[in-house]
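Report on the structure given below.
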Amino acid sequence: MRLLVGTLVGRLPNATAAIAIVLFVRAEGGSYSLAGALAAVYGVANAVGQPVLGRLVDLHGQPRVQLPAAVLSALAMAVFAFAGTGTAAPAYLSVGAAGLFTPPLEGGLRALWPSVLPKEDQVHTAYAMDAVAQEVMFTVGPLLVTVCVALWSPMAALLVLNGVGVLGALSVVVSPPSRAWRSAPREAHWLGALRSGGLLALLGAFLFIGMALGSITVASVPYADEHGGDAVYGWLMAALGLGALVGGAVYGARQWAGEPARRLRLLVALLAVCYLPLMLMPGAVAMVLLTVLAGVFLAPCIACAFVLVDLHAPRGTVTEAFSWLVTTFTVGASVGTGLAGPVVEHGGALWGFAVPGAAGFVSLLVLACTGRVLAAPAREAVVAASSENDPNRAVEPRFSSGHQA
């Protein structure tokens, strides 16, 4: 519980960055274009930084990377808050640094579960609980921003939430499991986790799942404009999170037999099918119910993917591998948002809601074409045990300690 709560609190700055930046820029008198550009810079920098910092965690341990990264990210956001948007260059640099140094707490938590929980089925349940908790955080986070803005100011929201994020990271890294955790010995390779074919297949599939989720947020806007405005839009977004919450809770409540790769294909197929009824665009109440259905299989897909990442990550790269999944999903959501905009503009909400279904079936196609790779996880290099204090030490690939060259 401590690890889960600490990670969620530590990730509050990431979950609230986009809305907090937009509100702050508008309060400073900046344009929506500037606000959107700064939020995009944060997102891109975050996508770049997660796998890089994840690799550093695998090499040097969690406390040496997570806490300094959290402090640097909070300091960069504080510079942005105090400097304001009067000069563009410092604003872009500070926001970019805040995104780049966002600690990979999400990937780090998933690397810790096997060392904290003794049984494999408990680890799988924790993955599902983890996926559900992320949905809750991304629902509660924006509400916290609005509360801080209402009580104090947009600048206070930036400072307070990033300060709280540092405390969350501190709570994680001083815990015994985080301090004791060490990545397995790894083969020195510049590709790191990306040399795994199974991981690349998962990343390709989840790029399109992210696109589906991002496109729904855009397609829902014109629908809401015609059926009640902002209140309806808020209900649709909440319904999507509620569906994921229910689906993740049900999925994590029982053990599932069979190969996780085959199970993931089934879950993605159900996810894609449940996106299609959104094109019916009924009245607001019925649409909210359909949106709940559309979110039901999202958290189970993510939880099942966590199991496969753990199976396919090359030895010594587990944090980096989980961070790549986070990055790919985030990039996919951004691409989906950008793609749905022109589609909605030219074809209306109907064609906008066609995008998530199409993206879901493309994800299923990726999984079907790479089924053989996903069904045969293998650590690509078996290395001899070496000192954790000398992470650069590596033996020749394909030779274990019992072999002689």
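The values are calculated or read from the model by the stated rules, or taken from the named source; none is laboratory data. Computed from a prediction, not measured in an experiment: that's the story for all the values here. Here the Cβ positions follow ideal geometry from the backbone for every residue, glycine too, while neighbour counts run over all protein chains shown. Surface areas here come from the heavy atoms of the whole protein model, side chains and all, with no ligands, DNA or RNA. Shrake-Rupley method; radii C 1.70, N 1.55, O 1.52, S 1.80 Å.
Give me the number: length gained by fully extending ALA231 to ARG315, i.e. 0.36 nm times residue separation minus the C-alpha to C-alpha distance, one decimal in nm.
Working: separation 84, 0.36 × 84 = 30.24 nm, distance 4.80 nm.
Full-extension gain reported as 25.4 nm.
Sort GLU28, GLU226 by heavy-atom solvent-accessible area, probe 1.4 angstrom, most to least.
Most to least solvent-accessible, the answer reads GLU226, GLU28.
Please compute the modelled spin-label separation between VAL250 and LEU289, points set 7 Å along Cα→Cβ, answer in nm with one decimal.
1.5
Report the charge-dipole magnitude of the stretch 1-182 in Debye, nearest 20, computed about the Cα centre from +1 at each Lys and Arg Cβ and -1 at each Asp and Glu Cβ.
320
Provide TRP256, TRP181, TRP351 ordered by accessible surface of protein heavy atoms (probe 1.4 Å), highest first. Could you put the intermediate results ahead of the total?
Details: TRP256 105, TRP181 25, TRP351 150 Å².
If we order TRP256, TRP181, TRP351 from most to least accessible, we get TRP351, TRP256, TRP181.
At a 1.4 Å probe, what is the % contribution of carbon and sulfur to the accessible area of the chain?
Taking all protein chains in place, the chain shows 69 percent carbon and sulfur surface.
What accessible surface, in Å², does a 1.4 Å probe find on VAL326, ignoring ligands, DNA and RNA and rounding to the nearest 10?
Answer for VAL326: close to 20 Å² accessible.
Heads up, I need the accessible area for MET281: 1.4 angstrom probe, whole protein in place, Å², nearest 10.
60
What is the dipole size for the chain, taken about its Cα centre, with +1 at each Lys and Arg Cβ and -1 at each Asp and Glu Cβ, in debye to the nearest 20? Walk me through the numbers on the way to the answer.
On the way: 20 positive and 19 negative charges, 175 e Å.
The calculation lands at about 840 debye.
Tell me the net charge near ALA219. Cut-off is 15 Å between Cβ atoms, ALA219 excluded, with +1 for each Lys or Arg and -1 for each Asp or Glu. Working shown, then result.
Details: positive: none; negative: ASP225, GLU226, GLU345.
With Lys, Arg at +1 and Asp, Glu at -1, the neighbours total -3.
Assuming R0 = 30 Å, what is the FRET efficiency of GLU345 and LEU365, from their Cβ-Cβ distance, to the nearest 0.05? Write out the running numbers ahead of the final one.
On the way: r = 27 Å, r/R0 = 0.90.
Here the calculated transfer efficiency is 0.65.
What is the distance in Å between the Cα centroid of the stretch 255-333 and that of the stretch 107-150?
Taking the Cα centre of each part, the stretch 255-333 and the stretch 107-150 sit 15 Å apart.
Please compute the modelled spin-label separation between LEU117 and VAL221, points set 7 Å along Cα→Cβ, answer in nm with one decimal.
Label-label distance for VAL221 and LEU117, simple model: 3.8 nm.
Got a sec? What order do LEU56, LEU367, LEU75 fall in by accessible area at 1.4 Å, biggest, i.e. largest, first? Display every interim value, and only then the final one.
Working: LEU56 65, LEU367 0, LEU75 100 Å².
Largest accessible area first, the list is LEU75, LEU56, LEU367.
Strictly greater than 40 Å: what percent of every Cα pair in the chain meets that?
On the way: 12101 of 81810 pairs.
Within the chain, distances greater than 40 Å cover 15 percent of Cα pairs.
Using the heavy atoms of the protein chains alone and a 1.4 angstrom probe, what is the accessible area of the chain per residue in square angstrom? Could the numbers behind the result be given before it?
Numbers: 17390 Å² over 405 residues.
Heavy-atom accessible area per residue stands at 43 Å².
Give, in nm to one decimal, the length gained when the segment between PHE82 and ALA40 is fully stretched (0.36 nm per residue of separation minus the Cα-Cα distance). Display every interim value, and only then the final one.
On the way: separation 42, 0.36 × 42 = 15.12 nm, distance 2.01 nm.
Full extension from PHE82 to ALA40 adds 13.1 nm.
Determine how large the accessible area of LEU267 is when every protein chain is in place; take a 1.4 Å probe and give Å² rounded to the nearest 10.
Counting only protein heavy atoms, LEU267 exposes about 20 Å² to solvent.
Between LEU93 and LEU151, what FRET efficiency comes out of the Förster formula 1/(1 + (r/R0)^6) with R0 = 22 Å and r the beta carbon distance, rounded to 0.05?
On the way: r = 29 Å, r/R0 = 1.33.
Plugging the Cβ-Cβ distance into 1/(1 + (r/R0)^6) gives 0.15.
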